[in-house]
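Readers should treat all values here as calculations from the given coordinates under stated rules, not as data from a laboratory. Keep in mind that what you see is a predicted model, and the values were worked out from it rather than measured. We place every Cβ from the backbone using ideal geometry, glycine too, and count neighbours over all the protein chains shown.
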Amino acid sequence: MKKILLGLLFAVSFATITKAQTPRITFKVPLLYPEGVAFNDVNKFYYVSSVKTGTIGTVDQQGNYKEFYANKDLISSFGMKVDVKSNRLYICLSDPNPNYSVYSTPKTFKKMARIIAVDLKSAKRVMDVDLEKEYQGKHFLNDLTFDLAGNIYLTDSFSPVIYKVNREGKASVFAENELFKSIDIGLNGIAFHPAGYLITVNNSNGSILKVDLANPKNVTKVKIETLFPGADGLLIDNGELILVQNKSVNKIYRVASSDNFLTATIKSATTGEDRFQQPSTVINNGGQIWVLNSKLNELSNPTLVPSKEFSLQLAQFKPVN
């Protein structure tokens with residue numbers, strides 16, 4: 001009887017541990033280490049970046065990976081967005097970490113800050129804007145978003161600024177603020193809210209910040225009971241904020257607000273049982289929220305075996321009481 005009971009307890013424990021994760025689209029590309037993901041509603045391809053080589057690849061719904069754009073001057077690629085109107089893929093390029101790119105040089109390390117655009121049809125570079133001289137300091141161009149007029153706003157994780165690049169490629173510092181500062185990674189993800197403001201996050205202290213587009217000096221910390229150290233990719237979905245948190249937490253949150261993000265609450269979140277792997281950025285595909293498992297933590301830990309495959313994972317949210 002004791003053996004039967006022990007067997008039943010083991011079976012229950014094992015079933016709990018191996019509870020089914022949410023669906024994944026797995027793509028096998030050794031040492032890719034993608035940080036950014038974008039989605040094209042036209043061809044239904046995911047575009048993924050690479051911190052190791054900067055190479056941009058496509059992933060279809062079955063997980064087939066194909067190189068889309070490559071050049072060693074990309075160094076490392078991060079946040080990306082598809083602009084359907086111009087048929088372009090916009091890509092953040094930087095060189096922030098000695099464990100990342102095989103193409104890193106002293107001239108680019110913590111200095112490079114460029115945004116490029118690649119034509120989605122021809123796979124040719126059609127825009128290249130250097131932001132390094134727009135602000136004195138170290139640079140890590142991390143993420144980007146568009147407003148309704150097609151202007152681009154970009155975060156710099158090593159300098160306390162948000163850049164703006166207009167449709168003609170003219171660059172400027174859009175906002176600078178004390179709330180953007182950090183001793184390591186500062187601003188990370190950024191998203192445009194159609195009510196006329198930007199939402200961004202300070203990766204180090206976990207605060208959510210609101211930036212008024214009409215008055216970029218007006219930067220406020222969103223009042224919320226929880227902070228999110230390791231906050232990364234952001235997405236506005238039906239007026240709510242999707243927030244990716246890594247740094248061992250590895251969860252995705254749906255954050256709601258009834259007062260245009262003066263205050264906010266966590267509406268729902270994924271669970272630890274889903275076992276996201278250093279999630280970084282997030283996209284909306286037909287109403288479903290898909291998250292990129294970057295596994296970037298492996299690059300700072302020599303005891304871990306380098307990964308040969310990576311994945312996009314469906315985020316399924318459960319209400320938070």
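Please go through segment 228-265 and pick out each residue that is closer than 19 Å to Thr155 by Cβ and of a type in the set (Lys, Arg). Lys247 - this is the single residue of segment 228-265 that is closer than 19 Å to Thr155 by Cβ and of a type in the set (Lys, Arg). Against the test of being touching a residue at least 24 places away in the same chain (Cβ under 8 Å), of a type in the set (Phe, Trp, Tyr) and touching a helix residue (DSSP H, G or I) at 6+ places or on another chain (Cβ under 9 Å), the options Tyr33, Tyr47, Tyr69 yield a single qualifying residue, Tyr33.
Here segment 39-65 is the region considered, the condition is being of a type in the set (Gly, Ala, Ser) and within 15 Å of Thr281 (Cα to Cα), and the residue that is surrounded by the most Cβ atoms within 10 Å (Cβ to Cβ) is Ser49. Quick check on segment 206-224: of everything there that is basic (Lys, Arg) and either assigned to a strand (DSSP E or B) or surrounded by 18 or more Cβ atoms within 10 Å (Cβ to Cβ) (or both), which residue is farthest from the chain's Cα centre (by Cα)? Filtering segment 206-224 for residues that are basic (Lys, Arg) and either assigned to a strand (DSSP E or B) or surrounded by 18 or more Cβ atoms within 10 Å (Cβ to Cβ) (or both), the one farthest from the chain's Cα centre (by Cα) comes out as Lys223.
When restricted to residues that are outside any strand (DSSP E or B), buried (at least 24 other Cβ atoms within 10 Å of the Cβ) and out of contact with any Ser or Thr (no Cβ under 7 Å at 6 or more places or on another chain), segment 123-156 contains 1. Inspection of segment 277-299 identifies at least one residue that is crowded, with 20+ Cβ neighbours inside 10 Å and farther than 21 Å from Val201 by Cα.
Every residue in segment 188-245 that is more than 25 Å from Thr270 (Cβ to Cβ) and free of Cβ contacts under 8 Å to residues at least 60 places away in the same chain, please.
Within segment 188-245, the subset more than 25 Å from Thr270 (Cβ to Cβ) is 194-197, 211-220.
Those that are more than 25 Å from Thr270 (Cβ to Cβ) and free of Cβ contacts under 8 Å to residues at least 60 places away in the same chain: Pro194, Gly196, Val211, Asp212, Ala214, Asn215, Pro216, Lys217, Asn218, Val219, Thr220.
Of all residues in segment 66-94 being in contact with a Lys or Arg (Cβ under 7 Å, 6 or more places away or on another chain) and not aliphatic (A, V, I, L, M), which is surrounded by the fewest Cβ atoms within 10 Å (Cβ to Cβ)? Working first, answer last.
Narrowing segment 66-94 to residues in contact with a Lys or Arg (Cβ under 7 Å, 6 or more places away or on another chain): 87, 90, 93.
If we keep only those that are not aliphatic (A, V, I, L, M) too, we end up with 87, 90.
Values: Asn87: 15, Tyr90: 23.
Among residues in segment 66-94 that are in contact with a Lys or Arg (Cβ under 7 Å, 6 or more places away or on another chain) and not aliphatic (A, V, I, L, M), the one surrounded by the fewest Cβ atoms within 10 Å (Cβ to Cβ) is Asn87.
For every residue, the table says whether it meets (1) surrounded by fewer than 16 Cβ atoms within 10 Å (Cβ to Cβ); (2) aliphatic (A, V, I, L, M); (3) under 17 Å from Leu241 (Cβ atoms).
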site: Lys121; (1), (2), (3): yes, no, no
site: Phe158; (1), (2), (3): no, no, no
site: Glu168; (1), (2), (3): yes, no, no
site: Ala171; (1), (2), (3): no, yes, no
site: Phe180; (1), (2), (3): no, no, no
site: Asn188; (1), (2), (3): no, no, yes
site: Phe192; (1), (2), (3): no, no, yes
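Please work out if Lys164 is without any contact (Cβ under 8 Å) to a residue 12 or more places away in the chain and not in a loop (DSSP other than H, G, I, E, B). The answer is no for Lys164. Residue-level check: of (1) among the polar types (S, T, N, Q); (2) in contact with a Lys or Arg (Cβ under 9 Å, 6 or more places away or on another chain); (3) in a loop (DSSP other than H, G, I, E, B); (4) under 23 Å from Thr145 (Cβ atoms), Gln277 misses just (4). Taking segment 225-240 as the range and being crowded, with 18+ Cβ neighbours inside 10 Å and on the phi > 0 side of the Ramachandran plot as the test, only Gly230 passes.
Of everything in segment 295-309 that is among the hydrophobic types (A, V, I, L, M, F, W, C) and part of a helix (DSSP H, G or I), the residue that is nearest to Ser248 (Cα to Cα) is Leu296.
Only one of the numbered conditions (1) without any contact (Cβ under 8 Å) to a residue 40 or more places away in the chain; (2) of a type outside the set (A, V, I, L, M, F, W, C); (3) more than 20 Å from Asn188 (Cα to Cα) is violated by Arg275, and that is (1).
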